[in-house]
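Presented below is the structure to which this report refers.
The values are calculated or read from the model by the stated rules, or taken from the named source; none is laboratory data. Quantities reported herein were computed from a predicted structural model and do not represent experimental measurements. Here the Cβ positions follow ideal geometry from the backbone for every residue, glycine too, while neighbour counts run over all protein chains shown.
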Amino acid sequence: MNGTKTLTIIKPGAVANEYIGPILEKINSKGFHISAMKFFRLTQSQAERFYAIHMDKAFYKSLVEFMISGPVLVAILEKDNAVEEYRKIIGATDPTKAEEGTIRKLFAESIERNAVHGSDSDENAMRECDFFFSKIERFSKFGDD
Ligand code: CMP
């Protein structure tokens, strides 16, 4: 994977715990450019569609409920090899398995309330960026939006 974009969501738990600032600081300090950003509360339909890939999983309903329980911060992050680079700094989905110093190790409460979402492939990153942002809401440093 060598795309330049990934999508992150700072989830309701991390927002409620006042972790927006520390998480953005980590993102910036690792050299990511924030090219788009929104702070809002997802509707049930948006959360269901965003996580439709997990529809068959036992945790789907609970995950959707959690994701609509409060506001989220959604952002497009840019860097060479963005998907992989961001996954390195967020750590494993399950915070008990995440490496020391990673965002999930520092700020997650559980595997579901795991502080942040990060795209898992370039293809999904493109789909997820398009899901949340129109062209006039993006300010790419690579000029390829
Ligand atoms: P995220 O990176 O947003 O992608 C899918 C989300 O589903 C994941 O982070 C977690 O919030 C949630 N999730 C994944 N696996 C589980 C699980 N085993 N139990 C509960 N929630 C999970």
* Asked: Among the residues of segment 101-145, how many are farther than 16 Å from residue 11 by Cα, among the small types (Gly, Ala, Ser) and modelled with pLDDT of 95 or more?
  -> 5
* Mind listing whichever residues of segment 43-69 are farther than 26 Å from residue 3 by Cα and either in contact with a Gly (Cβ under 6 Å, 6 or more places away or on another chain) or within 12 Å of the ligand (Cβ to nearest atom) (or both)? => 55, 57, 58, 59, 60, 61, 62, 63, 64, 65, 66, 67
* Kindly indicate whether any position in segment 70-93 is in contact with a Lys or Arg (Cβ under 9 Å, 6 or more places away or on another chain), over 23 Å from residue 32 (Cβ atoms) and either at pLDDT below 95 or surrounded by 13 or more Cβ atoms within 10 Å (Cβ to Cβ) (or both). => yes
* Can residue 2 be described as of a type outside the set (Val, Ile, Thr), surrounded by fewer than 17 Cβ atoms within 10 Å (Cβ to Cβ) and either within 17 Å of residue 139 (Cα to Cα) or touching a strand residue (DSSP E or B) at 6+ places or on another chain (Cβ under 6 Å) (or both)? -> no
* Structure fact -> Over segment 124-141, the set of residues in contact with a His (Cβ under 9 Å, 6 or more places away or on another chain) and exposed (fewer than 13 other Cβ atoms within 10 Å of the Cβ) is 141
* **Residue count for segment 98-120, restricted to those that are closer than 18 Å to residue 74 by Cβ and more than 10 Å from the ligand (Cβ to nearest atom)** => 2
* Asked: Somewhere in segment 69-88, is a residue under 17 Å from residue 120 (Cβ atoms) and polar (S, T, N, Q)?
  -> yes
* Asked: Which is surrounded by fewer than 19 Cβ atoms within 10 Å (Cβ to Cβ) and within 18 Å of residue 122 (Cβ to Cβ), of 33, 54?
  -> 33
* To do: Of the conditions (1) within 14 Å of the ligand (Cβ to nearest atom); (2) assigned to a helix (DSSP H, G or I); (3) within 29 Å of residue 145 (Cα to Cα), residue 123 clears all except one; give me its number.
  => (1)
